[in-house]
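Engineer: Have a look at the structure that comes next, please.
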Amino acid sequence: MNQENKKEIIVAGVLGTVLVLVLVYQIFIAGGSGAPPGGGGSSGGVQKVATAHAPSAPSKGPTRLKKVDVDLDKLLRNIEVVTFRYEEERISRSPMTPLVGRIRVSSEGLLGAPIGTTVYDVAQKNVTGILYSEYAPVAIVDDEVVSEGHQYADGVVLTKIEPKRVWFKWGDAEIPVELKEL
């Protein structure tokens, strides 16, 4: 049994103990009768619960739910069926391209992005050299020496330089570009 398994067992034991304590409190201490106030007889309508305090004041004791009569047949009659033809609807983006987060790039380029988009252009940047240090790394991107925080004219920001790749940010997308081996 390794350390990770021991930690998982301890956490499971603590959570189990907390669950038992909450159940004991709910059943024995807080009053576990599930009957609504007013006797529990069916009146055929909405039960009104009288309150003696202002609506903004916190209530004392456990919260009780009101019993409401619902006409299920009427609800079912009011459901409107909408016909939707998926083959006729066109979306303006590829559903395989994430809206936010990191976009992974394969050796063929950005998958799912049409040519000419800014994200695709960022993924096609040419990283030919990286001089890495913990304090001030620099990279050669498209024959230009840049450092972390460099912002291009189109709004793309170089956010991080790693020993083998460079991270760019455009909008909410983080795009890694690998160092090109010559």
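Engineer: Take region 129-162 and flag every residue that is in contact (Cβ under 8 Å) with a residue 12 or more places away in the chain, under 16 Å from L179 (Cβ atoms) and loosely packed, with under 10 Cβ neighbours inside 10 Å.
Structural biologist: If the condition is that a residue be in contact (Cβ under 8 Å) with a residue 12 or more places away in the chain, under 16 Å from L179 (Cβ atoms) and loosely packed, with under 10 Cβ neighbours inside 10 Å, then D143 is the only one that fits.
Engineer: Give region 141-153 a look and list any residue that's more than 28 Å from the chain's Cα centre (by Cα) and not in a strand (DSSP E or B), or say none.
Structural biologist: Correct list: D142, D143, H150, Y152, A153.
Engineer: Residues Y120, Y135: which one is under 14 Å from W170 (Cα atoms) and either at pLDDT 85 or above or of a type outside the set (V, I, T) (or both)?
Structural biologist: On the way: Y135 fails: under 14 Å from W170 (Cα atoms).
When all the criteria are applied, what remains is Y120.
Engineer: Count, please, the residues in region 21-36 that happen to be at pLDDT 80 or above and surrounded by 10 or more Cβ atoms within 10 Å (Cβ to Cβ). Talk me through it step by step, then tell me what you get.
Structural biologist: Kept after step one, since they are at pLDDT 80 or above, are these residues of region 21-36: 21-29.
Right, trim to surrounded by 10 or more Cβ atoms within 10 Å (Cβ to Cβ) and you get 21-27.
Number of matching residues: 7.
Engineer: Of all residues in region 163-174 being within 21 Å of Y120 (Cα to Cα) and surrounded by fewer than 14 Cβ atoms within 10 Å (Cβ to Cβ), which is nearest to the chain's Cα centre (by Cα)? Working first, answer last.
Structural biologist: From region 163-174, those within 21 Å of Y120 (Cα to Cα) are 164-174; that's our starting set.
Those left that are additionally surrounded by fewer than 14 Cβ atoms within 10 Å (Cβ to Cβ): 164, 171-172.
Working: K164: 29, G171: 17, D172: 14 Å.
Result: D172.
Engineer: Right, another one. Inside region 155-182, can you point out the residues that are in contact with a Ser or Thr (Cβ under 6 Å, 6 or more places away or on another chain) and assigned to a loop (DSSP other than H, G, I, E, B)?
Structural biologist: The one that is in contact with a Ser or Thr (Cβ under 6 Å, 6 or more places away or on another chain) and assigned to a loop (DSSP other than H, G, I, E, B): K180.
The values are calculated or read from the model by the stated rules, or taken from the named source; none is laboratory data. Everything numeric here is computed off the predicted structure, so don't read it as measured data. Positions of Cβ are generated from backbone atoms using ideal geometry, with glycine treated the same way; all protein chains shown enter the neighbour counts.
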